[in-house]
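Colleague: Pasting a structure here, questions to come.
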Amino acid sequence: MSTSQDLAPFLDRVDYPLYVVTVRAPDAEMSGCLAGFVTQCSIDPPNFLVCVSKVNHTLSVAERSSGMGLHLLGADQVDLARLFGEESGDRVDKFASVDWRLGSTGAPLLVESAVGLEGQILGHFSVGDHEAFLMRAVRAVAGGHGGILTYRTAPPLHPGHPA
């Protein structure tokens, strides 16, 4: 079995955008987290894989949700990355300090981002220490933030739960 050290030549070069994932369960409980493991996996239909850590508060809410918000962060949105990446939803109401709207899928959508996408959750499955959610995109809304905040351009972030 390979270790992180064995994979370092590859992993040290990989960079990826940072996203905020938001969900709302039928009982109105909301949660959101910072995610880096996100990719488009189909053009037609427009599907995305969104991976959420299994130790993250957002997982239990996402498993009960039918819709998901996916927000690409602008280069200047470090504070939003800190809020959704360093705070834990089981201790802090992250939505109390941001402007958001309820989307057509039932997902809470952040007003401030580079671009927001909402979609229907089609299913989910384990991919190791993360749960992968298959999301069918239904609507995108451009935001007012330029650039893209990435794993490499963001300052060190300290997760609300161990990764």
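Colleague: Please list, in order along segment 5-14, the HN-Hα scalar couplings obtained from phi with the Karplus expression 6.51 cos²θ - 1.76 cosθ + 1.60 (θ = phi - 60°), rounded to whole Hz, x for Gly and Pro.
Modeller: Along segment 5-14, the couplings run 5, 5, 9, 3, x, 7, 5, 5, 9, 6 Hz.
Colleague: OK, next. Got a sec? How would SER88, SER104, SER113 order by Cβ neighbour count within 10 Å, fewest to most? Display every interim value, and only then the final one.
Modeller: Values: SER88 16, SER104 11, SER113 25.
The order, fewest Cβ neighbours first, is SER104, SER88, SER113.
Colleague: Between segment 21-59 and segment 133-161, what is the C-alpha centre distance in whole Å?
Modeller: Segment 21-59 and segment 133-161 have Cα centres separated by 11 Å.
Colleague: Order of HIS145, HIS71, HIS158 from fewest to most other C-beta atoms within 10 Å?
Modeller: On the way: HIS145 19, HIS71 29, HIS158 7.
Going from least to most buried by this count: HIS158, HIS145, HIS71.
Colleague: Still on this structure, please answer the following. Would you pull out the residues with amide H under 5 Å of SER113's amide H, same chain only if 5 or more places away, H placed 1.01 Å from N?
Modeller: Amide H neighbours of SER113: GLY144, HIS145.
Colleague: Also: Would you mind classifying segment 53-123 by shape? Square roots of the alpha carbon gyration tensor eigenvalues, ordered a ≥ b ≥ c; an a/c under 1.5 is rounded, otherwise it is prolate if a/b is larger than b/c and oblate if not. Before the final figure, lay out each step's value.
Modeller: Details: a/c = 1.68, a/b = 1.13, b/c = 1.48.
Here segment 53-123 falls in the oblate category.
Colleague: Starting from segment 29-121, pick out the trypsin sites (Lys or Arg not before Pro) whose DSSP state is loop and whose Cβ has at most 16 other Cβ atoms within 10 Å. Write out the running numbers ahead of the final one.
Modeller: Values: sites: LYS54, ARG64, ARG82, ARG91, LYS94, ARG101; in loops: LYS54, ARG64, ARG91.
Here the trypsin sites (Lys or Arg not before Pro) that fit, given the DSSP loop and packing criteria, are LYS54, ARG64, ARG91.
No value in this document is a laboratory result; all are computed from the given coordinates. All of these numbers come straight from a predicted model, not from anything done at the bench. Glycine gets a Cβ as well: all are built from the backbone with ideal geometry, and neighbour counts include every protein chain shown.
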